[in-house]
1. Filtering the range 117-130 down to residues that are touching a Phe, Trp or Tyr at 6+ places or on another chain (Cβ under 9 Å) and open to solvent by 20 Å² or more (accessible area, probe 1.4 Å), which residue is nearest to CYS90 (Cα to Cα)?
2. Consider the range 86-143. How many of its residues are farther than 14 Å from ARG163 by Cα and in a strand (DSSP E or B)?
3. Is one or more of the residues making up the range 13-34 among the aliphatic types (A, V, I, L, M), at pLDDT below 90, part of a helix (DSSP H, G or I) and within 18 Å of VAL151 (Cα to Cα)?
4. Quick check on GLN159: is it closer than 26 Å to SER50 by Cα and in contact (Cβ under 8 Å) with a residue 60 or more places away in the chain?
5. Condition test on ILE6, is it open to solvent by less than 40 Å² (accessible area, probe 1.4 Å), at pLDDT below 50 and either aliphatic (A, V, I, L, M) or in a strand (DSSP E or B) (or both)?
6. Please indicate, with yes or no, whether at least one residue in the range 141-148 is farther than 18 Å from VAL75 by Cα and in contact with a strand residue (DSSP E or B) (Cβ under 8 Å, 6 or more places away or on another chain).
7. Output the residues belonging to the range 68-86 that are open to solvent by 20 Å² or more (accessible area, probe 1.4 Å) and under 17 Å from ILE33 (Cβ atoms).
8. If ILE176 meets every condition in (1) in contact with a strand residue (DSSP E or B) (Cβ under 6 Å, 6 or more places away or on another chain); (2) farther than 19 Å from LEU41 by Cβ apart from one, which number is that one?
Amino acid sequence: MKRQFILGIITLLFLGSCSTFKSIYTDKGRCYITTESADWLLTFPAAMLSLGAQYGDSQSSSYIFSDADEEFIVVIEVDKTTECHDPNSCLDAFIKNPSGSPYLNLATKLNKFGIGEAACVEYFTRYFEGQEINQNNMTAVFYRNGFSINVHVSKPDYQESNRQEMLRYVKAISFIKKPLS
């Protein structure tokens with residue numbers, strides 16, 4: 001029940017941009033995400049996650065995934081930006097205006113760190129809208145040629161042993177140059 005409640009809340013957050021832009025596909029066991037105006041592809045192993053929903057246009061896109069057991073929710077947001085110029089400045093902008101994550105305002109503590117090319121923040125939320133969710137959240141922010149890419153991983157009913165799995169999702173993200181069409 002908690003997972004359905006949380007996935008429903010996350011889905012509602014992204015209903016504001018409803019035009020569908022086909023900027024996701026799988027090929028040879030990899031999932032690829034991009035936007036029309038980007039010169040790169042974000043990629044990760046396709047077997048890791050299942051797509052639940054996607055929203056967006058040529059400038060921004062949002063994708064909601066879950067793992068096979070629907071234990072973890074992964075939201076990938078791609079946004080054209082002029083407000084930041086690297087992962088750290090994009091993460092700072094996210095923390096100052098966390099419109100994509102209502103949980104951040106309710107966090108009990110923030111832990112900032114880096115993984116590869118990403119600037120990350122991890123935070124725990126015990127309650128959301130009166131429901132006890134005990135959810136750990138990790139947002140990894142990447143920056144590519146004018147785009148901020150936020151990878152948000154959340155786990156309701158969080159146990160400390162779940163942290164390595166959350167990190168595994170972030171570490172699986174890589175970028176390649178978009179092939180010329």
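The values are calculated or read from the model by the stated rules, or taken from the named source; none is laboratory data. Given the structure is predicted, the values throughout are model-derived calculations rather than measurements. So basically every Cβ, Gly included, is an ideal-geometry build from the backbone, and we count neighbours across all protein chains shown. The protein model used for the area step is the full one, side chains on, heavy atoms only, and it has no ligands, DNA or RNA in it. Shrake-Rupley method; radii C 1.70, N 1.55, O 1.52, S 1.80 Å.
1. Among those that are touching a Phe, Trp or Tyr at 6+ places or on another chain (Cβ under 9 Å) and open to solvent by 20 Å² or more (accessible area, probe 1.4 Å), it is GLU117.
2. 15
3. Here is the first cut: in the range 13-34, the ones among the aliphatic types (A, V, I, L, M) are 13, 15, 24, 33.
This time we only want the ones that are at pLDDT below 90, so: 13, 15, 24.
Filter once more, keeping what is part of a helix (DSSP H, G or I): 13.
From what is left, the residues that are within 18 Å of VAL151 (Cα to Cα) are 13.
Yes: one or more hits.
4. On the way: closer than 26 Å to SER50 by Cα: yes; in contact (Cβ under 8 Å) with a residue 60 or more places away in the chain: no.
No, not satisfied.
5. Details: open to solvent by less than 40 Å² (accessible area, probe 1.4 Å): yes; at pLDDT below 50: yes; either aliphatic (A, V, I, L, M) or in a strand (DSSP E or B) (or both): yes.
Here the answer is yes, as ILE6 does meet what is asked.
6. yes
7. Listed by number, the residues that qualify are GLU77, ASP79, LYS80, THR81.
8. The single condition ILE176 does not satisfy is (2).
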